[in-house]
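Novice: I have a structure here, written as structure tokens, and I will follow up with some questions on it.
What follows draws every value from the coordinates through simple rules; no lab data is involved. Bear in mind that the values here come from a model prediction, so they are computed numbers and not experimental data. FYI the Cβ positions are ideal-geometry reconstructions off the backbone, even for glycines, and counts take in every protein chain you see.
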Amino acid sequence: MKTDTEAPSAITGRHWSSDLFAVLQDYGVRFYAYVPDAGNATLVQLAQQHPDMRTVMLTTEEEGVAFCAGVDLVGQRAALLMQSSGVGNCGNFFTLIRGARFPMFMMVTMRGDYGETNPWQYAMGQAAIPMMESMGILPFVVTGSDDLERAAHAALAATFKGGHGAALVLSQQFLGAKSM
Amino acid sequence: MSTKIDRRLLLGQLFAAPADYLFVSGLAGSARDLAALTNDAPTLFALGGVMGAASMIGLGMALAVPDREVAVVTGDGELQMNVGSLISIASAGPPNLTIVCVDNERHGETGNQPGHTARRTDLGIVARGAGFSSVMTVLRDEEVQSAAKFIKEAPGPRLIVVKVADTEPSAFKRLMDPAACRYRFRTAYSANQARRVS
């Protein structure tokens with residue numbers, strides 16, 4: 001399955017993942033934990049091609065919350081990349097963010113929010129942001145290409161300067177809805 | 001004659017020099033055993049919740065600091081709660097990570113109910129299937145010394161399942177504030193690194 005539209009960067013015309021990758025590098029993020037998804041495939045590929053980055057494929061998203069905590073304990077920085085359905089898999093592990101105050105940066109690629117054609121995706125898609133907020137994680141929502149870099153900076157600042165859990169939420173308005 | 005392994009003595013025999021390790025523990029019994037061994041060292045991150053998170057916290061540390069040895073000590077119930085972690089860890093292949101599963105075949109903290117390893121499940125075989133090549137199962141006291149050697153010599157990541165007697169864990173009160181545990185670990189780790197560099 002492919003996305004209907006690829007959202008190019010407003011400024012450079014290159015894939016938005018390259019712009020985001022540059023911002024993540026500015027913040028010293030070296031580790032990328034992910035469950036494979038169409039929305040994060042290019043970013044993962046960029047990290048895999050970079051000699052100083054390390055990607056870690058997960059079986060389920062909650063593993064990534066624990067992984068990022070381990071990286072933080074030794075003073076380094078990680079990002080967790082997942083689809084909105086994966087937010088639901090993380091529930092209890094968000095205790096590391098709200099309870100233990102681990103800073104945590106997540107990139108959440110949305111399903112079930114705008115133009116979704118798979119009825120199975122709506123329930124968790126609509127619950128993803130409220131669930132994160134209930135565990136103290138701040139959502140920074142991107143609906144258009146102009147928002148991406150600003151929102152990425154804000155989410156990363158909230159994480160690594162503000163000490164919060166923060167999610168860069170890429171809506172289907174931005175990504176393009178996936179066709180069945 | 002073989003004797004059943006006492007979990008309260010086990011970790012001291014497996015880790016003769018605990019200061020050489022960054023430790024992560026599961027919750028409940030394994031946390032108390034490891035806190036007793038290290039006197040609740042600041043470089044032990046012991047869980048009191050997030051059951052199933054210990055191994056992946058260990059992976060994060062191990063990949064981020066390849067020059068340090070990282071050891072996860074956890075129970076059979078905690079390991080099973082996120083058993084897919086073994087797949088992610090084997091796939092990432094950190095040479096400096098050891099997982100010790102203290103397998104009492106029970107959920108000790110919640111009333112000692114028998115768990116899956118008391119029935120048909122063999123976590124050593126699960127780890128092999130996940131892709132671990134260094135796996136050891138320890139059933140008797142006299143095998144513990146070779147397990148200590150295995151930790152030092154077998155290529156990582158390594159996983160050891162130790163079948164222990166059904167006893168209480170070590171009696172030890174440890175720091176239970178999760179944010180304080182994080183802060184304490186990070187502070188101790190960076191001070192420790194500064195000493196190693198200078």
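Novice: Along its three principal axes, how long is chain B when you only count alpha carbons? Whole Å, largest extent first please.
Specialist: 50, 35, 32
Novice: What order do you get for B:74-80, B:138-144, B:55-61 when each peptide is scored by the mean count of other beta carbon atoms within 10 Å, highest first? Display every interim value, and only then the final one.
Specialist: On the way: B:74-80: 27.3, B:138-144: 16.1, B:55-61: 30.0.
Final packing ranking: B:55-61, B:74-80, B:138-144.
Novice: What list of ³J(HN,Hα) couplings, whole Hz, do you get for the range A:135-140 from phi and the Karplus terms 6.51, -1.76, 1.60, once you set θ to phi - 60° and write x for glycine and proline?
Specialist: For the range A:135-140, the Karplus-derived couplings read 10, x, 8, 8, x, 10 Hz, x marking Gly and Pro.
Novice: Given N residues in the protein assembly as shown, what is Rg(Cα) / (2.2 N^0.38 Å)? It would help to have the intermediate numbers written out before the result.
Specialist: Numbers: Rg = 21.3 Å, N = 378, 2.2 N^0.38 = 21.0 Å.
Here the answer is 1.02, to two decimals.
Novice: Karplus couplings for the range A:39-50 from phi (6.51 cos²θ - 1.76 cosθ + 1.60, θ = phi - 60°), rounded to Hz, Gly and Pro as x?
Specialist: 3J(HN,Hα) across the range A:39-50, in whole Hz: x, 10, 4, 5, 4, 4, 4, 4, 5, 5, 7, 8.
Novice: With an 8 Å Cα cut-off and a minimum separation of 6 or more residues, compute the relative contact order for the range B:7-197 in percent. Could you put the intermediate results ahead of the total?
Specialist: On the way: 350 pairs, mean separation 49.6, N = 191.
It rounds to 26 percent for the range B:7-197.
Novice: Among B:Met61, B:Leu14, A:Gly163, which residue has its Cα furthest toward the positive end of the charge dipole of the protein assembly as shown, with +1 on Lys/Arg Cβ and -1 on Asp/Glu Cβ?
Specialist: So the residue we want is B:Leu14.
Novice: Choose one answer from B:Gly111, B:Gly156, B:Gly131: the residue with the largest mean-square fluctuation in a GNM of chain B with alpha-carbon springs under 10 Å.
Specialist: Checking each option, the largest mean-square fluctuation is seen for B:Gly111.
Novice: Follow-up question, since we're still on this one. Under a 5 Å amide H to amide H cut-off, with H placed in plane at 1.01 Å, what residues pair with A:Leu138 once short-range neighbours are removed?
Specialist: Result for A:Leu138 returns A:Gly165, A:Ala166, A:Ala167.
Novice: Follow-up. Amide H of B:Ala46: which non-local residues (sequence gap of 5 or more, or other chain) have their own amide H closer than 5 Å, using H built in the peptide plane?
Specialist: It is B:Ser25, by chain and number.
Novice: Taking only DSSP H segments of four or more residues, each worth -39500 (n - 2.57), what value at 222 nm results for chain A once the sum is divided by all its residues, to the nearest 500 deg cm²/dmol? Please list the in-between numbers first.
Specialist: Working: 8 runs with 67 residues, N = 180.
Taken over chain A, the calculation gives -10000 deg cm²/dmol.
Novice: Right, another one. Could you work out the equivalent-ellipsoid semi-axes for the range B:103-198, taking the square root of 5 times each eigenvalue of the Cα gyration tensor, largest first, in whole Å? Mind dumping the intermediate values first?
Specialist: Numbers: eigenvalues 175, 100, 39 Å².
Each semi-axis is the square root of five times an eigenvalue, giving 30, 22, 14 Å.
Novice: Indicate the gyration tensor shape class of the range B:1-115 (rounded, prolate or oblate), computed on the Cα atoms with a ≥ b ≥ c the square roots of the eigenvalues: a/c under 1.5 is rounded; otherwise a/b larger than b/c is prolate and the rest oblate.
Specialist: Numbers: a/c = 1.60, a/b = 1.21, b/c = 1.32.
Taking the square roots of the gyration eigenvalues as a ≥ b ≥ c, the range B:1-115 is oblate.
Novice: Test of understanding: express the Cα radius of gyration of chain A as a ratio to 2.2 N^0.38 Å, with N the residue count. Kindly include the intermediate steps, with their values, before the conclusion.
Specialist: On the way: Rg = 14.9 Å, N = 180, 2.2 N^0.38 = 15.8 Å.
My calculation over the Cα atoms of chain A gives 0.94.
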